[in-house]
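The values are calculated or read from the model by the stated rules, or taken from the named source; none is laboratory data. Source: prediction; values computed, not measured. Positions of Cβ are generated from backbone atoms using ideal geometry, with glycine treated the same way; all protein chains shown enter the neighbour counts. Ligands, DNA and RNA are excluded from the accessible area calculation, which covers all protein heavy atoms including side chains. Shrake-Rupley method; radii C 1.70, N 1.55, O 1.52, S 1.80 Å.
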Amino acid sequence: MQVLFATSNKHKVLEANVVGKRFGVEFKQLKMSYPEVRDNSVSKVALEGVKYVYSKVRKPVVVEDSGLFVKALNNFPGSFSRYVFDSIGIQGILDLMYARKNRQAYFLSTIAFHDGKVLKAFEGRVDGLISRKPSGSSGFGFDPIFIPKGSKKTFAEDAVFKSKVSHRVKSVEMFCKWFK
Ligand code: ITT
């Protein structure tokens, strides 16, 4: 079974397909950007996004909105993670976290599906800590500074662990179970 995945980010599709394979679901990248509503809920951004994309392609499609939520920064950058990554980047987050003892953070991923009739969203979360310095080179975005619960390595140092526990693995798993 195939489903379109509208995103500019090939890493998202690669990670989704690792999970999809187990369920016989293949995500096909549709390189299309869509206007992201300004809202601090990733679910809201994903749901509005998939409605827009569906209105353009008229085929069953998913979009994903995700973000990093840092406790000591009142959940910043959250749904604005892409903008923050592109502007102040990893070092910017580490600078904001300088001398902060509470390093807790989590990633959220919402997969939203629409086929013109059904509109559904699936949310996954992974908890962890912000590291003191960047480490590792796999993955994308904030992977080099996120140490998931149950590990001592960042996502960027341990892609295998990421492929078992990530926010995206969870949201995609929920989607695949439902989609089948
Ligand atoms: P599309 O909107 O085109 O799908 P994007 O990369 O802009 O691609 P988002 O708007 O959902 O995606 O932004 C999510 C940002 O959050 C992303 O750019 C990363 O900086 C960060 N992020 C999300 N998931 C991540 C992950 O698994 N590892 C590291 N950073 C992640």
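Taking only Cα atoms, what is the 0 to 90° angle, nearest 10, from helix 42-57's long axis to the longest principal axis of the chain?
Roughly 30 degrees between the two axes.
Let me see the pair-distance distribution of the chain: every alpha carbon pair, 5 Å bin width, integer percents in order.
With a bin width of 5 Å, the distribution comes to 1, 9, 18, 22, 20, 15, 9, 5, 2, 0, 0.
With the other protein chains left in place, how much accessible area per residue, in square angstrom, belongs to the chain at a 1.4 angstrom probe? Mind showing how you got there, number by number?
Details: 9510 Å² over 180 residues.
Accessible area per residue: 53 Å².
Can you list which of the trypsin sites (Lys or Arg not before Pro) found in segment 51-80 are DSSP loop residues with at most 10 other C-beta atoms within 10 Å?
On the way: sites: LYS51, LYS56, ARG58, LYS71; in loops: ARG58.
Hits after loop and neighbour filter: ARG58.
What is the helix-to-structure angle for 167-179, meaning the angle in degrees between its Cα long axis and the longest Cα principal axis of the chain, kept from 0 to 90 and rounded to the nearest 10?
20
For a quick protection proxy, order the peptides 24-32, 111-119 by their average other-Cβ count within 10 Å, most packed first.
Numbers: 24-32: 15.9, 111-119: 17.4.
Packing order, densest peptide first, comes out as 111-119, 24-32.
Taking only C-alpha pairs under 8 Å that are 6+ residues apart, what is the relative contact order of segment 1-131 in percent? Mind dumping the intermediate values first?
On the way: 244 pairs, mean separation 30.9, N = 131.
Relative contact order here is 24 percent.
Using a 10 angstrom cutoff on alpha carbons, build the Gaussian network for the chain and name the most mobile of SER43, SER151, SER66.
Result for the chain, Cα springs under 10 Å: SER151 fluctuates most.
Please work out, to two decimal places, the log10 of the ratio I(q)/I(0) at q = 0.19, 0.23, 0.25 Å⁻¹ from a Debye calculation in which every Cα of segment 8-50 carries one identical scatterer.
Each listed q corresponds, in turn, to -0.70, -0.87, -0.92.
Calculated from DSSP H runs of 4 or more alone, at -39500 (n - 2.57) each and per residue, what is the 222 nm mean residue ellipticity of the chain, nearest 500?
Only helices count here, giving -11000 deg cm²/dmol.
How many angstrom separate the Cα center of segment 107-180 from the Cα center of segment 58-99?
Using only Cα atoms, the two centres lie 13 Å from each other.
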